[in-house]
Amino acid sequence: MEIPEYTIATLQTAFERGEQTAAGLTQGFLERISAIDSAGPTLASVIEVNPDAMAIAKGLDRERREQGSRGPLHGVPILVKDSIDTGDKMMTTAGSLALEGNLAPRDAFVVEQLRKAGAVILGKTNMSEWGYMRSTRASSGWSSRGGQVRNPYVLDRSPLGSSSGSAVAVAANLCMAAIGAEVDGSIVRPASSNSIVGLKPTVGLVSRAGVIGVAAPQDTAGPMTRCVADLATVLTVLTGVDARDPATQESVGKTSRDYRAFLNPSALKGARLGVARECFWPHEGTEAVIQEAIGRLKALGAEIVDPVRASELPFFGDLELELFRYGLKASLNAYLADHPRAKVRTREELIQFNADHAAQVMPYFKQEFFESAQTKGDLTSESYLKVKAELCRLGRTDGIDKALNQHRLDAIIAPTEGTPPFVIDPIVGDNLRSGGCSTPPAVAGYPHISVPAGYVHGLPVGLSFFSGPYQEGKLIGYAYAFEQATRVRRPPAFVPTIGANNG
């Protein structure tokens, strides 16, 4: 099923002119999911479709005719990650067979917001099982329930990150937008590797209520789209104070009524941007793409400070992994206790289920990270509080805050990933020691946006912008100005491997 790559704005124009309907587009996406996600290239990005999607779309079409539009997301089909609760007929499983049958008692806050805005919840996206946190050598995008997500640009390459299904579905035009979730890199890394736009918001801007998390100081949900304007539209809907997530109270007075107001093609003029060279990796292809991008930023009026040091924190370093062990134990126990339809109710039961069903659940890698997390104390323990404080110092005080203040920067830039996507290898696991810049803003809890910057042998490369807390509007403006000036993104061609007519 061929569907134009609408933007949300052009789709709303098509709705208003009678050239498209929510029901027609929803049906088209469902057919396309069947043709190229479940079959054909077999991307495996969608783990479940909403059986009520067509009924919802038809109801929204009727509402538009009789009462008018609710706003820019009225009738827009959106997919959400399988770690995000939907209080409907779809399961929430974090990709795990252990949670098959888990029907959430209510929507996550972000899903409530989408429904109120008139979005069609099209289905759930596949992901790295349990947010990549079951094993120490997992394969990005693999889950026991959904199988292996594949990169639509080159099918044997990794989609990266636990929100891989959301990124691939957006890139392959299986939806208008998707919602991902991140603790470190799980939105921005798959966005980069699948040539889309992804935003990890400031922790507290978007509620985590109803989202299976890893570690509260870093957890957040966020939008993933094909263009920056669509991302601004979706982000506007996702934000809001939620009593179920006290962290959102911090966002009062710091949010924007409409993030589309920052879509300024001249936003980079006069901006001071620091280049975080410690986030680069010695890969000539990626470096060439990012150097060309830096040249474009200069041409658009940005002042480049090169180099700056944003952080000394390695991706998934020992200190961060220790935070994850404590956080994972607490977050999973809390989620399971609050979901009575889950067939496992505690982490002990979850670990035992995996052991009892090892052939199906653990054919490639095990659950040693789960097991090590089980030995940790609670979130009031002195050792946890020390780890949390030290990460805050390294990520904020002596990291991003220091760089921004010392060099009088508006934002910091770097390649989102140090190399193009590597080959999928579920047996050995991902190659995670290849640079990239997801960790500094993740540890700090600060906003981070990735935008397509170019390609290396047909493999996508993303450019990152990150800054201080609640600077989403500024980052959206910079990403939009770069996107509009370069327009490098192209749709995927689903080639099987490098050298197969993909340049």
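Numbers at a glance
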{"item": "Test: residue in region 237-256 that is open to solvent by less than 20 Å² (accessible area, probe 1.4 Å), within 22 Å of the chain's Cα centre (by Cα) and among the hydrophobic types (A, V, I, L, M, F, W, C)", "result": "yes"}
{"item": "Single unsatisfied condition, Ala261 versus (1) open to solvent by 70 Å² or more (accessible area, probe 1.4 Å); (2) farther than 23 Å from Leu73 by Cβ", "result": "(2)"}
{"item": "Single unsatisfied condition, Gly435 versus (1) crowded, with 19+ Cβ neighbours inside 10 Å; (2) at pLDDT 95 or above", "result": "(2)"}
{"item": "Unique match (being touching a residue at least 12 places away in the same chain (Cβ under 8 Å) and more than 20 Å from Trp142 (Cβ to Cβ)) among Asp107, Asp37", "result": "Asp107"}
{"item": "Qualifying residue in region 86-96 (condition: open to solvent by less than 40 Å² (accessible area, probe 1.4 Å) and not in a loop (DSSP other than H, G, I, E, B))", "result": "no"}
{"item": "Some residue of region 476-496 being open to solvent by less than 40 Å² (accessible area, probe 1.4 Å), part of a loop (DSSP other than H, G, I, E, B) and at pLDDT 95 or above", "result": "yes"}
{"item": "When residues of region 110-156 are limited to those that are of a type in the set (D, E, K, R) and either under 16 Å from the mean Cα position of the chain (by Cα) or surrounded by 24 or more Cβ atoms within 10 Å (Cβ to Cβ) (or both), the one nearest to Pro223 (Cα to Cα)", "result": "Lys124"}
{"item": "Residue identified as over 26 Å from the mean Cα position of the chain (by Cα) and touching a residue at least 40 places away in the same chain (Cβ under 8 Å) among Leu319, Leu328, Leu300", "result": "Leu300"}
{"item": "Helices (runs of 4 or more DSSP H) enclosed by region 296-399 - at least 2 residues per element that are surrounded by 18 or more Cβ atoms within 10 Å (Cβ to Cβ) and at pLDDT 95 or above", "result": "318-337, 347-356, 368-373, 382-392"}
{"item": "Residue list for region 456-475, restricted to those being open to solvent by less than 10 Å² (accessible area, probe 1.4 Å) and either among the β-branched types (Val, Ile, Thr) or in a helix (DSSP H, G or I) (or both)", "result": "Val461, Glu472, Gly473, Leu475"}
{"item": "Residues of region 90-117 satisfying the condition of being of a type in the set (Ser, Thr, Tyr) and touching a helix residue (DSSP H, G or I) at 6+ places or on another chain (Cβ under 6 Å)", "result": "Thr93, Ser96"}
{"item": "For Asp425: the one exception among (1) part of a loop (DSSP other than H, G, I, E, B); (2) buried (at least 16 other Cβ atoms within 10 Å of the Cβ)", "result": "(2)"}
{"item": "Residues located in region 215-233, provided they are of a type in the set (Gly, Ala, Ser) and either open to solvent by less than 10 Å² (accessible area, probe 1.4 Å) or in contact with an Asp or Glu (Cβ under 6 Å, 6 or more places away or on another chain) (or both)", "result": "Ala215, Ala221, Gly222, Ala232"}
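One line per residue, one yes/no per condition, for (1) acidic (Asp, Glu); (2) at positive phi; (3) surrounded by 17 or more Cβ atoms within 10 Å (Cβ to Cβ):
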residue	(1), (2), (3)
Ile8	no, no, yes
Thr13	no, no, no
Gly18	no, yes, no
Glu31	yes, no, no
Ala35	no, no, no
Ala57	no, no, yes
Arg65	no, no, no
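Okay, residues lined up against (1) of a type outside the set (Asp, Glu); (2) in contact with a Ser or Thr (Cβ under 8 Å, 6 or more places away or on another chain); (3) modelled with pLDDT of 95 or more; (4) within 16 Å of Thr125 (Cβ to Cβ):
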{"site": "Leu174", "(1), (2), (3), (4)": "yes, yes, yes, yes"}
{"site": "Glu182", "(1), (2), (3), (4)": "no, yes, yes, yes"}
{"site": "Arg189", "(1), (2), (3), (4)": "yes, yes, yes, yes"}
{"site": "Ala209", "(1), (2), (3), (4)": "yes, no, yes, no"}
{"site": "Asp219", "(1), (2), (3), (4)": "no, yes, yes, no"}
{"site": "Arg226", "(1), (2), (3), (4)": "yes, yes, yes, yes"}
{"site": "Pro246", "(1), (2), (3), (4)": "yes, no, yes, no"}
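The values are calculated or read from the model by the stated rules, or taken from the named source; none is laboratory data. Here the structure is a predicted model, which means the values were calculated and not measured. Every residue, glycine as well, gets a Cβ built from its backbone with ideal geometry; the counts of neighbours run over all protein chains shown. Calculation scope for accessible area: heavy atoms of the full protein, side chains included, ligands and nucleic acids excluded. Shrake-Rupley method; radii C 1.70, N 1.55, O 1.52, S 1.80 Å.
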